[in-house]
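The values are calculated or read from the model by the stated rules, or taken from the named source; none is laboratory data. In this text, all values refer to a predicted model and were calculated from it rather than measured experimentally. Cβ placement follows ideal geometry from the backbone for every residue including glycine, while neighbour counts extend to all protein chains displayed. The protein model used for the area step is the full one, side chains on, heavy atoms only, and it has no ligands, DNA or RNA in it. Shrake-Rupley method; radii C 1.70, N 1.55, O 1.52, S 1.80 Å.
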Amino acid sequence: MAHLLSCQNITKSFGAHTLFTDISLSFEPKTKTGLIGPNGSGKSTLLNILADKIEPDSGRLFISKQMRVVYLSQSEDFAGHKSVTEIVMEALAGHDQDHNMLMAQIALSQAEFPDPEAKVASLSGGWLKRLAIACALAQDPDLLLLDEPTNHLDIRSILWLEKILRNGSFAFVLVSHDRLFLENVSNRIIELNRCYPDGFLSFPGNYSHFLEKRRAFLSAQQEMEASLANKVKREVEWLRRGPKARATKARSRIDEAYRLQDELSQVRQRNQSEKSMKIDVSGTGRRTKKLISAHKIGKKMGETSLFTDLSFDLGPGVRLGLAGNNGCGKTTLMHMLYGTLDCDQGTISRATDLKISLFDQKREDLDLNQSLRRALAPDGDSVLHQGRSIHVASWAKRFLFQPDQLEMPVSHLSGGEQARILIARFMLQEADILLLDEPTNDLDINSINVLEENLLEFPGALVLVSHDRTFLDNIATQILGFSDQGHEAILYGDYRQWLTSLEKDEAILKADMAAARKKQPGAKKKLSYKDEKELAAMEEVILAAEQELAAYQQKLVGPEVMADQEVLNQWCTKLNASQEKVDALYRRWEELGAKEAALDAPL
């Protein structure tokens, strides 16, 4: 199968810090790739190289002719005075106006924008991200490059994006630390990591399949180190006996002994490079039954009621997850519990001398011009943790910073490295209650796993806001779910119960909107019954066709097929026919979608 894009022997460094060396990768049509790796491993940099936005230090990039590569960065800077339709049309520069308008309408319909004439300045962070995604989709990419696309998206929007990516006819490469998102949308995972001989590890399949293969690979590499160590030990003993170098055989064995020593050193270095943060959030050990008691509390923002009559208790061992769409009041509730915001109704009672620590998702407290040394230890060359003085170099090492980074400005660190600074500061506070607002933002998967383990051992209470569904599910003992209907906040046993409720709310909302449209005078035209029925069934039809295609692809690489040229040709014919079927279905889907968007467009 022809490559859409490939890179050969790509190397990139920033100053003395090498991100990756001699990376060679290729990306085929329909391949849905998840790109993972530790913070600072160069994931975003590699995406920028693939997008041809920055030059590698060495190596080459090969892009197929007439192939559209579209890059979606972590943040976009849109003009606030323009409408969302104008922004999407600007992304389509080079086409005629009518074409651009139609594509903009389709893209905004896909993105579920309620008002295509809304001004950018009025949009929340989540809707700005949806607008950026709409701009990317409107360009009809062959290969879409996405850098942390779930940032700023609430759970409903993440589910929407999952559907877009699963059903899209384009290939994509996405950087994400959301494990369930990777599981649901990817059919290939690549990890950039120095612990691998080639600097990366790649396997087809979803994220859980990759984890199995990764464990097996690293286990084999550990066994290789043990085996090499034994061989080197025997050869060193032989060398100490002073073999005569004059003999050709002895000279060859001496050379082999040195080669084994070099190989052992490299394997050992790779195995030792797989490190984790050392997190230890300090609890006071206080066993007061009720640390905080909220009784019938409510809050408004302007004329909008966020929630009313909300009651719950927090005590040791309670881990309360807050779940809901952006703007529903999760962060507001956090600050009410912390004491920086007052209730509009009801009361919040706190135990005497209660210690509360707040981890805020905003990073205004980080001075980007400050050195890493000062950011970690603002008052000197040491910090005080759990009554013990720790030198800043040792403290930095716990969070995977190297000694040569201590004088580096915070602005030169990756988003994940800046997040680790915030966690390091947070750890210095002793608390009865932890309030955590999106603590996993920008953290790599390994760091998220370590944070999970530590929070599960925290003896006090914690309140958690996160759009990382796996993290929320693993940590929370109960979920306070915010509904779209009636500004309610209801306690659920787990995240899945809340999600089921959310899906019911959405079905009710769609039914109400459909009923309202029918009652409107001069209601918009609809697709014909036949087209509407075909469009409704299209996702399942495409899924079945793609499963058939995947089965043919799997059969094609079987040893019994590869060994017989006649059988191989037969399966190649079936594969090509299946690929054409899938392509035709996607073209029909887009045709029906365009027709529906044109009918729904304002007159």
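Below are the figures for this structure:
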quantity: Spans of strands (runs of 3 or more DSSP E) in region 1-94 with at least 2 residues closer than 30 Å to ASP115 by Cβ; calculated: 69-72
quantity: Given (1) hydrophobic (A, V, I, L, M, F, W, C); (2) surrounded by fewer than 16 Cβ atoms within 10 Å (Cβ to Cβ); (3) not in a loop (DSSP other than H, G, I, E, B), index of the condition LEU322 fails; calculated: (2)
quantity: Top-ranked residue in region 186-235 [being free of Cβ contacts under 8 Å to residues at least 24 places away in the same chain and of a type in the set (D, E, K, R); ranked as farthest from ILE36 (Cα to Cα)]; calculated: ARG234
quantity: Some residue of region 355-365 being over 30 Å from the mean Cα position of the chain (by Cα), part of a loop (DSSP other than H, G, I, E, B), touching a residue at least 12 places away in the same chain (Cβ under 8 Å) and within 30 Å of PHE482 (Cβ to Cβ); calculated: yes
quantity: Which listed residue is out of contact with any Asp or Glu (no Cβ under 6 Å at 6 or more places or on another chain), surrounded by fewer than 21 Cβ atoms within 10 Å (Cβ to Cβ), in contact (Cβ under 8 Å) with a residue 24 or more places away in the chain and not in a strand (DSSP E or B), from GLU183, GLU162; calculated: GLU183
quantity: Residues (under 16 Å from SER282 (Cα atoms) and of a type in the set (S, T, N, Q)) located in region 433-458; calculated: ASN454
quantity: Yes/no for ASN193 being open to solvent by less than 50 Å² (accessible area, probe 1.4 Å) and closer than 26 Å to ASP444 by Cα; calculated: yes
quantity: Residue satisfying all of: in region 450-491; open to solvent by 30 Å² or more (accessible area, probe 1.4 Å), part of a strand (DSSP E or B) and in contact (Cβ under 8 Å) with a residue 24 or more places away in the chain; nearest to PRO316 (Cα to Cα) among these; calculated: GLN478
quantity: ASP444 being of a type in the set (D, E, K, R), in contact (Cβ under 8 Å) with a residue 40 or more places away in the chain and within 30 Å of SER13 (Cβ to Cβ); calculated: yes
quantity: Checking ARG388 against (1) more than 25 Å from ASP468 (Cβ to Cβ); (2) in contact with an Asp or Glu (Cβ under 8 Å, 6 or more places away or on another chain), the condition it does not meet; calculated: (2)
quantity: Answer from ALA134, ALA121 - the residue that is at pLDDT 90 or above, within 18 Å of ASN326 (Cβ to Cβ) and surrounded by fewer than 19 Cβ atoms within 10 Å (Cβ to Cβ); calculated: ALA121
quantity: Selected residue (criterion: farthest from LEU384 (Cα to Cα)) from residues of region 413-439 that are in contact with a His (Cβ under 9 Å, 6 or more places away or on another chain) and open to solvent by 10 Å² or more (accessible area, probe 1.4 Å); calculated: GLU438
quantity: Criterion violated by LEU19 - all others in (1) farther than 16 Å from VAL173 by Cβ; (2) open to solvent by 30 Å² or more (accessible area, probe 1.4 Å); (3) touching a Ser or Thr at 6+ places or on another chain (Cβ under 7 Å) satisfied; calculated: (2)
quantity: Selection count where residues are open to solvent by 10 Å² or more (accessible area, probe 1.4 Å) and under 28 Å from ASN151 (Cα atoms), scope region 304-319; calculated: 5
quantity: Flag for GLU540 being at pLDDT 60 or above, exposed (fewer than 10 other Cβ atoms within 10 Å of the Cβ) and closer than 30 Å to ALA171 by Cβ; calculated: yes
quantity: Residue match in region 389-398 (condition: farther than 20 Å from THR440 by Cβ and either among the basic types (Lys, Arg) or in contact (Cβ under 8 Å) with a residue 40 or more places away in the chain (or both)); calculated: yes
quantity: Among (1) more than 33 Å from the chain's Cα centre (by Cα); (2) surrounded by fewer than 15 Cβ atoms within 10 Å (Cβ to Cβ), the one test that GLU263 misses; calculated: (2)
